[in-house]
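J.: Pasting in a structure now, in structure tokens, and then I'll have a few things to ask.
The values are calculated or read from the model by the stated rules, or taken from the named source; none is laboratory data. Just so we're clear, the structure is a prediction, and the values are computed from it rather than from any experiment. With ideal geometry, Cβ positions are generated from the backbone for all residues, glycine too; neighbour counts draw on all protein chains shown.
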Amino acid sequence: MDFELTEIQQMIRETVRDFAEREIKPVAHDLDEKAEFSEEITKKMGELGLFGMNLPEKYGGQDLDTLSYIIAVEELARIDSSQAATLAAHNSLGIGPLFYFGSEEQKMKYLPPLCTGEALWGFGLTEANAGSDSRGTKTVVKLENGEWIINGSKIFITNGSADISVGSTVQAVSGDHDGKKEFSCVIVEKGTPGFKTVSMHGKMMWRASDTGELYFDDCRVPEENLLGKVGQGSKIMLSTLDNGRLSIAAMGLGLAQGAFELALQYANERKQFGKPIIKFQVNAFKLADMATKIELARTLLYKACWLKDIGKPFAKEAAMSKLYCSEIAREVADEAVQLHGGYGLMKDYEIERFYRDQRLLQIGEGTSEIQRLVISRYIGC
Amino acid sequence: MSTVPDTTTKIRFAGDGTAFDVTGVQWIINPWDELSLTRALQLKEESNGAIEKVTVISVGLKETEPVIRKALAIGADEAIRIDTAPLDAYFVAKQIAGSIKDDGFDIVLCGIDSSDYNGSLVGGMLAEFLGIPSVSSISALNIENGEVSVNREIDGGKEVLSVELPFVAIIQKGVALEPRIPSMRGIMMARKKPLNVKAPVEADSLTEMISFEQLPAKAACKMVEEDNVKELVDLLHSEAKVI
């Protein structure tokens, strides 16, 4: 066994950490407060080469392994979940399906601009009445005279409605075989008649990331906009979510790391009863538990990445990582607020944002309950 | 280029207090050298090909290679590592001079000091060993139509000098705004760039470390109510003994 990161992975960690501390940390609070998506930071992340990290160079990518990408997400989430979300969603959900299932023409057309940070892409899966139960999807697509016609709507689509969002991959019902729905995915570009996006506001968390609703009203796209094959929709979705789970797990891990560091620093500075509160065993033990959970989470997630990178099945470990990293993110953020006492409840302290941001992680991209369902099936329940 | 402990490192000394304890230390490019590298890369980009390459040179053991690799990721074209521990400023300057004296170069940029031992000696010594001029405390370095000019911060103002090549530029704050962050592509490309390892030349070190001592811990701060002038004066007189 070898737990050592490669020199490249180590350098990526240092680089993204440096970037996040220098470019994101100073503005994270304000962007969250104003619920403002930052094109500027997105562009800078693109210049750094964070979009399309795992893609071959010919599509504009960096040809890096999964673990390198996961480390980048982790380091962003250590500072600001919103920016990590923009990156993770774009890479895993935006770029991912196009890369894994697109034709060569589609890849050459769509991927290079999506690797620059100047254009984002969404993945339209969730609907108002189809969350954990994606078979409840109501959006329909049918082929007519060489065009796909889409009708329906999608909700909670990360990167779906920013000014620089240039389109989405949309999953829709393409047929019904004896009561069994058949799903297909189609590519819809911004500006297509009948396609409208609306940004969603009033979020508790990830306030500086873009979340949108997608509406399709007799929206017509050319036949060649089919992604993969007819009826492959479920396969595309499941494979995309397996990959997406790794990046959500990375967000949990990074957030937990950031919250832990904030708590450690605060507990060293805050004095009560004549000494720093970290000197009280009750607090020191909290920090010991937090550090242990983070270490476990990291080991599990990195193992899942390693499995993927060597071409072995990783779906079970991805679900376990997503479940565990997101749950410990909640536990660590919660204890970190506790260590901050009353100040932890104030917006002036960064931990308040971490506490809100962690809450999505047990819900988005498959709830904790769905992860347990996935895991239980893998272990023969 | 020096490899130094990250500026947030907690400094501890080993055993008898004559050596720096490197356990668990995160190593980085010396910030002044990083600034020098940034300016060198900008100059190369501005030169439309007139500047052929930027080479990073560092004296250190194999453990310093990840830090040197980072300089390549930031954009240096190649690197040289002189395979020996940097014993002191004289030794390091001798090593660098020995390594580059026969190479073609125009400007040697080096940080004004390294953030670990703060000797501020290598640049000046290096110029001396190479038999070329040096300019210290450079806060701006420009090349226009092949003419090199530098600014130096001096007491109450600045000095602008024109310099003939080759020379040693001893760099301080101001030459570049911020060091560069390497891109993912840069990190990937750094693997393929040459990092040449050279054997050290014969040289002595002229200094010997006798001991390191930590600063005494700061004494507790005593607060006095704003209207209690008498207590303040008494404390300054009897405890602080400054009046």
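J.: Looking at B:Ala71 and the list (1) closer than 20 Å to A:Thr15 by Cβ; (2) hydrophobic (A, V, I, L, M, F, W, C); (3) out of contact with any strand residue (DSSP E or B) (no Cβ under 7 Å at 6 or more places or on another chain), which single condition is not satisfied?
T.: Failing condition for B:Ala71: (3).
J.: So for the stretch B:163-171 (the condition being in contact (Cβ under 8 Å) with a residue 40 or more places away in the chain, acidic (Asp, Glu) and more than 14 Å from chain A (Cβ to nearest Cβ)), does at least one residue qualify? Talk me through it step by step, then tell me what you get.
T.: First, pick out the residues of the stretch B:163-171 that are in contact (Cβ under 8 Å) with a residue 40 or more places away in the chain: B:165-171.
Adding the requirement that they be acidic (Asp, Glu) leaves none.
So far as the stretch B:163-171 goes, no, none of its residues is in contact (Cβ under 8 Å) with a residue 40 or more places away in the chain, acidic (Asp, Glu) and more than 14 Å from chain A (Cβ to nearest Cβ).
J.: Next question. Could you look through the stretch A:22-47, keep only residues that are within 14 Å of chain B (Cβ to nearest Cβ) and in contact with a helix residue (DSSP H, G or I) (Cβ under 9 Å, 6 or more places away or on another chain), and pick out the one that is farthest from A:Glu118 (Cα to Cα)? Lay out the reasoning, then the answer.
T.: Residues of the stretch A:22-47 within 14 Å of chain B (Cβ to nearest Cβ): A:22-26, A:41, A:43-47.
Imposing the further condition that a residue be in contact with a helix residue (DSSP H, G or I) (Cβ under 9 Å, 6 or more places away or on another chain) reduces the set to A:23-25, A:41, A:44-45.
Details: A:Glu23: 17, A:Ile24: 17, A:Lys25: 21, A:Ile41: 10, A:Lys44: 9, A:Met45: 10 Å.
It comes out as A:Lys25.
J.: Find the residue count for the stretch B:172-200, including only residues that are more than 14 Å from every other protein chain (Cβ to nearest Cβ) and at pLDDT 95 or above.
T.: Total meeting the criteria: 6.
J.: Also, quick follow-up: Whether any residue in the stretch A:179-198 is farther than 24 Å from A:Glu365 by Cβ, outside the structural domain of A:Ala333 (by TED's automatic domain parsing), part of a strand (DSSP E or B) and in contact (Cβ under 8 Å) with a residue 60 or more places away in the chain is what I want to check.
T.: No, the stretch A:179-198 contains no residue that is farther than 24 Å from A:Glu365 by Cβ, outside the structural domain of A:Ala333 (by TED's automatic domain parsing), part of a strand (DSSP E or B) and in contact (Cβ under 8 Å) with a residue 60 or more places away in the chain.
J.: While we're looking at this one, here's another question. What are the residues in the stretch A:1-36 that are among the aromatic types (Phe, Trp, Tyr) and surrounded by fewer than 23 Cβ atoms within 10 Å (Cβ to Cβ), if any?
T.: Applying the first criterion (among the aromatic types (Phe, Trp, Tyr)) to the stretch A:1-36 yields A:3, A:19.
Result: A:Phe3, single match.
J.: Can you tell me which residues in the stretch B:113-165 are in a loop (DSSP other than H, G, I, E, B), among the acidic types (Asp, Glu) and in contact with a Ser or Thr (Cβ under 9 Å, 6 or more places away or on another chain)? Walk me through how you get there before you give the answer.
T.: Keep residues of the stretch B:113-165 that are in a loop (DSSP other than H, G, I, E, B), which gives B:113-121, B:131-133, B:145-146, B:155-156, B:164-165.
From what is left, the residues that are among the acidic types (Asp, Glu) are B:113, B:116, B:155, B:164.
Matches in the stretch B:113-165: B:Asp113, B:Asp116.
J.: If I ask for residues that are touching a His at 6+ places or on another chain (Cβ under 7 Å) and of a type in the set (Phe, Trp, Tyr), which ones from the stretch A:113-148 would you list?
T.: A:Trp121
J.: For the condition in contact with a helix residue (DSSP H, G or I) (Cβ under 8 Å, 6 or more places away or on another chain) and more than 14 Å from chain B (Cβ to nearest Cβ), what is the one hit in A:Leu120, A:Leu87? Can you show your working first?
T.: Working: A:Leu87 fails: more than 14 Å from chain B (Cβ to nearest Cβ).
Among A:Leu120, A:Leu87, only A:Leu120 is in contact with a helix residue (DSSP H, G or I) (Cβ under 8 Å, 6 or more places away or on another chain) and more than 14 Å from chain B (Cβ to nearest Cβ).
Residue-wise test of (1) closer than 22 Å to A:Gln257 by Cβ; (2) aromatic (Phe, Trp, Tyr); (3) assigned to a helix (DSSP H, G or I).
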| site | (1), (2), (3) |
| --- | --- |
| A:Ala28 | yes, no, yes |
| A:Asp32 | yes, no, yes |
| A:Lys43 | no, no, yes |
| A:Gly52 | no, no, no |
| A:Ile71 | yes, no, yes |
| A:Ile79 | yes, no, no |
| A:Ser82 | yes, no, yes |
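J.: A further question follows. Of A:Leu50, A:Leu67, which residue is touching a residue at least 60 places away in the same chain (Cβ under 8 Å) and more than 10 Å from chain B (Cβ to nearest Cβ)?
T.: On the way: A:Leu50 fails: more than 10 Å from chain B (Cβ to nearest Cβ).
Criteria check complete, one pass: A:Leu67.
J.: Tell me, yes or no, whether the stretch B:81-99 has at least one residue that is of a type in the set (D, E, K, R), buried (at least 20 other Cβ atoms within 10 Å of the Cβ) and modelled with pLDDT of 95 or more.
T.: So in the stretch B:81-99, the residues of a type in the set (D, E, K, R) come out as B:81, B:83, B:88, B:94.
Restricting the remaining residues to those that are buried (at least 20 other Cβ atoms within 10 Å of the Cβ) gives B:81, B:94.
Checking which are modelled with pLDDT of 95 or more leaves us with B:81, B:94.
Looking for residues that are of a type in the set (D, E, K, R), buried (at least 20 other Cβ atoms within 10 Å of the Cβ) and modelled with pLDDT of 95 or more, one finds at least one in the stretch B:81-99, hence yes.
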